[in-house]
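J.: I'd like to ask you about the structure that follows.
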Amino acid sequence: MKLESLALHHGYSSEQTTKAAAVPIYQTTSYTFDNTQHGADLFDLKVPGNIYTRIMNPTTDVLEQRLAEMEGGIAGLAVASGMSAITYAIQCICQAGDNIISTSQLYGGTYNLFVHTFPRQGINVKMVSANDFDAFEASIDDKTKAVFCESIGNPAGNIVDINKLSEIAHKQGIPLIVDNTVATPFLCKPIDFGADIIIHSLTKYIGGHGTSIGGIIIDSGKFDWIANKEKFPMLNEPDPSYHDVVYTEALGEAAYIGRCRVVPLRNTGAAISPMNSFQILIGLETLGLRMERHCENAEKLAEFLQNHKKVAWVNYATLKNSPYHERCQKITRGKASGIVSFGIKGNDQVSGKEAGGKFIDALQMILRLVNIGDAKSLACHPASTTHRQLNEKELISAGVSADLIRISVGIENIDDIISDVEQALEA
Ligand SMILES: *Cc1c(COP(=O)(O)O)cnc(C)c1O
């Protein structure tokens with residue numbers, strides 16, 4: 001099946017007992033054992049089955065199978081948020097003393113995790129500008145366990161050459177992890193460009209209606225964890241917390257995603273609720289339709305802004321003058337998702353940053369908040385909200401200038417979006 005159909009059907013056919021057509025919400029914490037032996041076999045991973053919803057749940061399982069298939073992966077692990085997905089994706093292969101290399105153009109929460117939280121736990125993150133391939137090569141050392149990037153950076157809107165980064169990573173025997181939240185599989189399937197592990201915040205386009213927080217890790221199953229055995233001891237050496245299982249031996253190509261489930265998720269517990277999995281599955285059904293409209297509206301808004309005399313600059317990859325115009329054709333199917341960023345010209349009295357604040361305050365339909373990917377249009381000023389903790393230099397390396405306004409363009413009628421923006425610019 002193609003993506004639109006997978007989004008509706010994959011991973012579920014009418015449930016055996018009730019013939020329910022919609023995916024049932026299995027709102028249960030635990031699952032009964034037939035007898036003591038059955039319980040023991042489940043705990044030994046000898047028979048498949050459910051034990052406890054912190055580790056697995058049948059509603060969540062449909063979401064995991066469906067999105068893994070849509071991304072071209074072999075398996076997925078849904079968790080409580082995009083942030084926990086990123087944390088687990090890295091903790092699964094990194095321990096104190098290790099490091100990763102990341103593009104510096106990142107979502108603000110990821111930036112804080114990488115710059116402030118991981119280093120205190122002994123995992124260092126080296127930040128490199130996404131287009132500086134030589135710096136990527138030069139930064140990798142024998143303790144580097146992964147390269148990380150966002151396929152389309154939030155909020156910078158830069159498109160990353162996933163092909164190139166995966167080549168650099170693979171040459172050094174390490175995987176490429178791609179946060180595909182902004183692009184979604186409808187614009188880009190990073191595994192086709194050599195990525196090994198995909199992350200999503202399900203909170204954004206996939207859920208699509210701003211109702212539920214969630215995240216997922218998807219494993220391509222292609223990375224060879226055994227070829228560089230000594231680099232990945234957590235996958236290749238016996239795990240005493242799981243009666244000495246060696247994940248690469250027990251789970252083969254699913255070693256990584258299996259360990260993500262039975263170690264970071266089982267032991268630190270950022271599980272997604274079955275109700276959220278259900279809500280996100282409903283959102284996923286219309287992802288393709290929504291992405292078409294998000295992209296179409298965003299492109300029209302970007303063109304309107306570019307021609308407006310009060311606008312200093314516009315960043316949107318389909319614009320002819322965008323440095324990412326060509327990559328947009330190659331990597332994201334000529335579409336650039338729903339995030340448009342721009343700056344307003346300042347004057348003698350008002351700086352561009354202040355003008356941005358006034359613009360946000362004047363909006364009438366577009367909501368002032370810090371989410372993206374909702375069906376509704378949303379606006380924010382990252383330098384005073386999501387990226388507030390960053391200093392001037394960090395802001396620049398994250399691709400966030402002080403005057404940057406981010407609009408997550410929704411699926412409303414474009415005329416209403418443009419007229420709200422127009423009156424706010426006048427204000
Ligand atoms: C929102 C976001 C995240 C974090 O996801 P949550 O679900 O809010 O934890 C990670 N990456 C990107 C690109 C995001 O936009």
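The values are calculated or read from the model by the stated rules, or taken from the named source; none is laboratory data. What you see is a predicted model, and the numbers here were worked out from it, not measured in a lab. When we count neighbours, we look across all protein chains shown, and the Cβ atoms used for this are built from the backbone with ideal geometry, even at glycine. SASA here: full protein model, heavy atoms, side chains in, ligands and nucleic acids out. Shrake-Rupley method; radii C 1.70, N 1.55, O 1.52, S 1.80 Å.
J.: Taking TYR88, is it within 16 Å of the ligand (Cβ to nearest atom), touching a Pro at 6+ places or on another chain (Cβ under 6 Å) and not assigned by TED's automatic domain parsing to the domain that holds CYS380?
T.: Details: within 16 Å of the ligand (Cβ to nearest atom): yes; touching a Pro at 6+ places or on another chain (Cβ under 6 Å): yes; not assigned by TED's automatic domain parsing to the domain that holds CYS380: yes.
It is true that TYR88 is within 16 Å of the ligand (Cβ to nearest atom), touching a Pro at 6+ places or on another chain (Cβ under 6 Å) and not assigned by TED's automatic domain parsing to the domain that holds CYS380.
J.: Considering only segment 354-374, state which residues are away from the ligand (no atom under 16 Å from the Cβ) and open to solvent by less than 60 Å² (accessible area, probe 1.4 Å).
T.: ALA355, GLY356, GLY357, PHE359, ILE360, ALA362, LEU363, ILE366
J.: Consider ALA355 carefully, then state whether it is over 17 Å from ILE162 (Cα atoms), small (Gly, Ala, Ser) and in a strand (DSSP E or B).
T.: no
J.: With respect to SER351, is the statement that it is of a type in the set (Gly, Ala, Ser), open to solvent by less than 60 Å² (accessible area, probe 1.4 Å) and closer than 20 Å to ALA302 by Cβ true?
T.: Details: of a type in the set (Gly, Ala, Ser): yes; open to solvent by less than 60 Å² (accessible area, probe 1.4 Å): yes; closer than 20 Å to ALA302 by Cβ: no.
The answer is no for SER351.
J.: For segment 339-362, which positions are within 29 Å of LEU187 (Cα to Cα) and not β-branched (Val, Ile, Thr)?
T.: SER341, PHE342, GLY343
J.: Output yes when any residue across segment 61-76 is in a strand (DSSP E or B), among the hydrophobic types (A, V, I, L, M, F, W, C) and either in the same structural domain as SER13 (by TED's automatic domain parsing) or touching a residue at least 40 places away in the same chain (Cβ under 8 Å) (or both), and no when none is. So that I can check it myself, show each step before the final result.
T.: Keep residues of segment 61-76 that are in a strand (DSSP E or B), which gives 75-76.
Now narrow it down to the ones that are among the hydrophobic types (A, V, I, L, M, F, W, C): 75.
Subsequent filtering for residues that are either in the same structural domain as SER13 (by TED's automatic domain parsing) or touching a residue at least 40 places away in the same chain (Cβ under 8 Å) (or both) retains 75.
Yes, segment 61-76 has at least one match.
J.: Now for a separate question. Could you tell me whether any residue of segment 304-318 is open to solvent by 50 Å² or more (accessible area, probe 1.4 Å), within 16 Å of the ligand (Cβ to nearest atom) and on the phi < 0 side of the Ramachandran plot? Walk me through how you get there before you give the answer.
T.: To start, the set of residues in segment 304-318 that are open to solvent by 50 Å² or more (accessible area, probe 1.4 Å) comprises 306-307, 309-310, 312-313.
If we keep only those that are within 16 Å of the ligand (Cβ to nearest atom) too, we end up with none.
So far as segment 304-318 goes, no, none of its residues is open to solvent by 50 Å² or more (accessible area, probe 1.4 Å), within 16 Å of the ligand (Cβ to nearest atom) and on the phi < 0 side of the Ramachandran plot.
J.: Moving on. Among the residues of segment 112-140, how many are among the hydroxyl-bearing types (Ser, Thr, Tyr) and under 29 Å from ALA255 (Cβ atoms)? Write out each step before concluding.
T.: First, the residues of segment 112-140 that are among the hydroxyl-bearing types (Ser, Thr, Tyr): 117, 129, 139.
Subsequent filtering for residues that are under 29 Å from ALA255 (Cβ atoms) retains 117, 139.
Result for segment 112-140: 2.
J.: Moving on. Scan segment 159-190 for residues that are of a type in the set (S, T, N, Q) and over 29 Å from LYS231 (Cβ atoms) and jot them down.
T.: THR184
J.: Let me ask something additional. Just need a number here: residues in segment 67-85 that are among the charged types (D, E, K, R) and either within 12 Å of the ligand (Cβ to nearest atom) or crowded, with 24+ Cβ neighbours inside 10 Å (or both).
T.: Residues of segment 67-85 among the charged types (D, E, K, R): 69, 71.
Subset that is either within 12 Å of the ligand (Cβ to nearest atom) or crowded, with 24+ Cβ neighbours inside 10 Å (or both): 71.
Of the residues in that region, 1 qualify.
J.: Additional query: Tell me whether segment 231-251 contains one or more residues that are on the phi > 0 side of the Ramachandran plot, open to solvent by less than 20 Å² (accessible area, probe 1.4 Å), assigned by TED's automatic domain parsing to the domain that holds ALA7 and part of a loop (DSSP other than H, G, I, E, B).
T.: No, because not a single residue in segment 231-251 is on the phi > 0 side of the Ramachandran plot, open to solvent by less than 20 Å² (accessible area, probe 1.4 Å), assigned by TED's automatic domain parsing to the domain that holds ALA7 and part of a loop (DSSP other than H, G, I, E, B).
J.: For segment 406-427, which residues satisfy the criterion of being open to solvent by less than 10 Å² (accessible area, probe 1.4 Å) and not in a helix (DSSP H, G or I)?
T.: ARG406, ILE407, SER408, VAL409, GLY410
J.: Related question: Restricted to segment 173-219, and to residues that are free of Cβ contacts under 8 Å to residues at least 60 places away in the same chain, surrounded by fewer than 24 Cβ atoms within 10 Å (Cβ to Cβ) and small (Gly, Ala, Ser), which residue is farthest from the ligand (Cβ to nearest atom)?
T.: Out of the qualifying residues, it is GLY173.
J.: Name the residues in segment 25-43 that are open to solvent by less than 70 Å² (accessible area, probe 1.4 Å) and in contact (Cβ under 8 Å) with a residue 60 or more places away in the chain, would you?
T.: Pass one, segment 25-43, residues open to solvent by less than 70 Å² (accessible area, probe 1.4 Å): 25, 28, 30-31, 38-42.
Passing the criteria: ILE25, THR28.
J.: Moving on to the next point. May I ask you to say which residue of ILE152, ILE101 is closer than 20 Å to PHE193 by Cα and within 16 Å of the chain's Cα centre (by Cα)?
T.: Values: ILE101 fails: within 16 Å of the chain's Cα centre (by Cα).
From the options ILE152, ILE101, the qualifying one is ILE152.
J.: State whether one or more residues within segment 324-346 are of a type in the set (Ser, Thr, Tyr), open to solvent by less than 70 Å² (accessible area, probe 1.4 Å) and touching a Ser or Thr at 6+ places or on another chain (Cβ under 8 Å).
T.: Looking only at segment 324-346, we keep the residues that are of a type in the set (Ser, Thr, Tyr), and these are 324, 332, 337, 341.
Checking the rest, the ones that are also open to solvent by less than 70 Å² (accessible area, probe 1.4 Å) come to 324, 332, 337, 341.
Filter once more, keeping what is touching a Ser or Thr at 6+ places or on another chain (Cβ under 8 Å): 332, 337.
Yes.
J.: Moving on. For segment 91-137, what are the residues that are among the hydroxyl-bearing types (Ser, Thr, Tyr), within 16 Å of the ligand (Cβ to nearest atom) and surrounded by fewer than 19 Cβ atoms within 10 Å (Cβ to Cβ)?
T.: THR117
J.: Of the numbered conditions (1) free of Cβ contacts under 8 Å to residues at least 40 places away in the same chain; (2) of a type outside the set (D, E, K, R); (3) within 16 Å of the ligand (Cβ to nearest atom), TRP225 satisfies every one except a single condition; which is it?
T.: All conditions pass for TRP225, except number (3).
J.: Please go through segment 375-392 and pick out each residue that is open to solvent by less than 70 Å² (accessible area, probe 1.4 Å) and either assigned to a loop (DSSP other than H, G, I, E, B) or at pLDDT 95 or above (or both). Give the derivation first.
T.: The first filter runs over segment 375-392 and keeps only residues open to solvent by less than 70 Å² (accessible area, probe 1.4 Å), leaving 375, 377-387, 390.
Hits for segment 375-392 are ALA375, SER377, LEU378, ALA379, HIS381, THR385, THR386, HIS387, LEU390.
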